[in-house]
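*Asks:* Here it is: the structure, laid out below.
Derivation of every value follows stated rules applied to the coordinates shown; laboratory data play no part. As the structure is a computational prediction, the values presented were derived from the model and not from experiment. Ideal geometry is used to build each Cβ from the backbone, glycine not excepted, and the neighbour counts take in all protein chains shown.
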Amino acid sequence: MAPLQNTISSTTQHRKTYRLNTGTSIPAVGLGTWRTRQPGDVEKAVETALRAGYRHVDTAMAYGNEKQVGDGIRASGVPRTDVWVTTKLDNTWHRRVAEGIDISLTNLGFDYVDLYLMHWPCSTDPEDGSKHLEGWDFVDTWREMQKLVGTGKVRNIGVSNFGVRNLERLLKDPSCRIVPAVNQIELHPCNPSPKLVAFNSSKGIHSSAYSPLGGQTDSPLYINETILSLAEAKHRTTQQIILMWGIQKGWSVLPKSVTKSRIDGNFDLDGWSLADDEVARIDAILDRFKIWQDDWLPEKMFFGDDE
């Protein structure tokens with residue numbers, strides 16, 4: 001299969017979309033909704049983002065905010081058909097995929113989602129979160145997720161937090177008849193994961209970046225000298241520089257905020273770009289950190305071999 005994920009079907013940065021291996025197109029910039037502190041924050045953030053022009057919202061069963069996401073989309077007045085909605089199957093629901101998607105759709109108040117992801121390649125015992133689900137693993141989960149295709153409930157299926165080792169295992173299994181459309185992973189200048197991104201691309205899997213800013217208000221990237229100098233030279237925010245870098249690397253980005261000025265700023269990416277040498281300067285940043293680890297899971301997910 002020839003990789004399709006870097007085909008751009010729009011000329012402006014904030015309206016870019018990437019063509020998936022299913023033939024559908026995912027918007028380059030989406031709103032992340034994980035970890036909000038106040039009730040109602042997500043609903044308002046989603047409404048604000050869609051009114052600002054976003055057409056991509058990312059949520060998950062595990063976030064506990066799918067209802068707020070659905071309410072925010074409805075409050076925005078933007079037609080459901082114009083909004084790309086991603087949600088994810090939680091770890092303790094791996095053996096109950098059909099039930100899991102129905103619960104998410106009920107929470108959202110929608111008939112379908114545009115993208116349904118396996119949140120982690122970790123099948124967790126629903127009775128004991130410290131244990132692996134006996135007799136089951138993510139290959140079995142993917143087999144069940146494939147059954148959703150054609151039901152009208154999901155338009156695309158994919159994975160999240162899959163490294164090269166687990167992707168290879170999944171793709172080589174005889175039961176894998178659908179290549180994931182997307183692999184949503186932590187991607188930012190201090191966790192660029194070039195081997196993993198290259199592997200995704202070689203298999204026609206689009207890379208989508210969560211935590212693309214390297215954190216929230218206290219991201220070390222906001223004080224990185226390279227990022228700061230580029231922001232000053234181009235009269236842009238550090239967040240805009242980082243997001244533009246990700247988009248020009250070929251992946252969709254999912255910045256998270258509940259503050260209107262930041263939501264608006266993260267989407268203000270039209271009419272400018274980074275030159276090749278500026279992209280290279282960010283590529284050359286040597287500092288490394290990873291926000292998400294796997295020590296809270298009953299299985300190891302990250303093997304340190306994706307760089």
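*Asks:* Enumerate the residues in segment 79-101 having an amide nitrogen under 17 Å from the point lying 7 Å beyond the Cα of residue 127 toward its Cβ.
*Replies:* 92-96
*Asks:* Taking neighbour Cβ counts within 10 Å as the exposure measure, how do 206, 132, 56 sort from fewest upward?
*Replies:* 132, 56, 206
*Asks:* How far, in degrees from 0 to 90, does helix 66-76 lean away from the longest principal axis of the Cα atoms of the chain, to the nearest 10?
*Replies:* 50 degrees
*Asks:* OK, next. What is segment 57-164's relative contact order, in percent, from Cα pairs under 8 angstrom and six or more apart in sequence?
*Replies:* 27 percent
*Asks:* Under the Karplus relation 6.51 cos²θ - 1.76 cosθ + 1.60, θ = phi - 60°, what is the ordered set of whole-Hz ³J(HN,Hα) values for segment 277-283, x standing for Gly and Pro?
*Replies:* Going residue by residue, I get 6, 6, 4, 5, 4, 5, 4 Hz, with x marking Gly and Pro.
*Asks:* Same structure again: Amide H neighbours of residue 28 under 5 Å, counting only residues 5+ apart in sequence or on other chains, H built in-plane at 1.01 Å?
*Replies:* Under 5 Å from the amide H of residue 28: 16, 17, 18.
*Asks:* Which pairs in the list 131/300; 16/249; 131/195 are over 18 Å apart, alpha-carbon to alpha-carbon?
*Replies:* Numbers: 131/300 12 Å; 16/249 13 Å; 131/195 30 Å.
Table pairs above 18 Å Cα-Cα are 131/195.
*Asks:* Once you place label points 7 Å from the Cα toward the Cβ at residue 75 and residue 270, how far apart are they in nm?
*Replies:* Taking the two extended label points, one gets 2.5 nm.
*Asks:* Roughly how many debye, to the nearest 20, is the charge dipole of the chain about its Cα centre, given +1 on each Lys and Arg Cβ, -1 on each Asp and Glu Cβ, and no other charges?
*Replies:* 740 debye
*Asks:* A follow-up question, please. Mind checking which lysines have their C-alpha under 16 Å from residue 234, skipping anything on the same chain fewer than 8 residues away?
*Replies:* The qualifying lysines are none; the list is empty.
*Asks:* Taking segment 228-304, which chymotrypsin sites (Phe, Trp or Tyr not before Pro) meet the DSSP loop condition and have no more than 10 other C-beta atoms within 10 Å?
*Replies:* 296
*Asks:* As a footprinting exposure proxy, order 306, 82 by other Cβ within 10 Å, with the fewest listed first.
*Replies:* Listed from fewest to most nearby Cβ atoms, that is 82, 306.
*Asks:* Multiply the residue separation of residue 234 and residue 82 by 0.36 nm, subtract the distance between their alpha-carbon atoms, and state the gained length in nm to one decimal.
*Replies:* Numbers: separation 152, 0.36 × 152 = 54.72 nm, distance 3.18 nm.
That pair, residue 234 and residue 82, stretches by 51.5 nm at full extension.
*Asks:* How large is ³J(HN,Hα), in whole Hz, for each residue of segment 180-192 in order, when computed from phi with the Karplus curve 6.51 cos²θ - 1.76 cosθ + 1.60 and θ = phi - 60°, using x for Gly and Pro?
*Replies:* Whole-Hz 3J(HN,Hα) from phi for segment 180-192: x, 6, 9, 10, 8, 9, 6, 9, 6, x, 9, 8, x.
*Asks:* Name the aspartates and glutamates eligible as straight-distance cross-link partners of residue 147: C-alpha to C-alpha under 19 Å, and not fewer than 8 places from it in the same chain.
*Replies:* Qualifying aspartates and glutamates at Cα under 19 Å: 90, 99, 102, 111, 114, 137, 173.
*Asks:* I need the calculated FRET efficiency for the pair residue 261 and residue 295, taking r as the beta carbon distance and R₀ as 41 Å, to the nearest 0.05. Kindly include the intermediate steps, with their values, before the conclusion.
*Replies:* Working: r = 35 Å, r/R0 = 0.85.
Efficiency computed from Cβ-Cβ geometry: 0.70.
*Asks:* Turning to a different aspect of this structure: Using the number of other C-beta atoms within 10 angstrom as an exposure proxy, rank 66, 144 with the fewest first.
*Replies:* By the 10 Å Cβ count, ascending: 144, 66.
*Asks:* Next question. Short version: ³J(HN,Hα) in whole Hz for each residue of segment 18-23, in order, from phi by Karplus 6.51 cos²θ - 1.76 cosθ + 1.60 (θ = phi - 60°), x for Gly and Pro, what are they?
*Replies:* 10, 6, 8, 5, 8, x
*Asks:* Here is a further query. Given N residues in the chain, what is its alpha carbon radius of gyration divided by 2.2 N^0.38 Å?
*Replies:* Against the compact-globule rule of thumb, the ratio is 0.95.
*Asks:* Suppose R0 equals 41 Å; then what is the FRET efficiency for residue 225 and residue 169 from their Cβ-Cβ distance, rounded to the nearest 0.05?
*Replies:* 0.55
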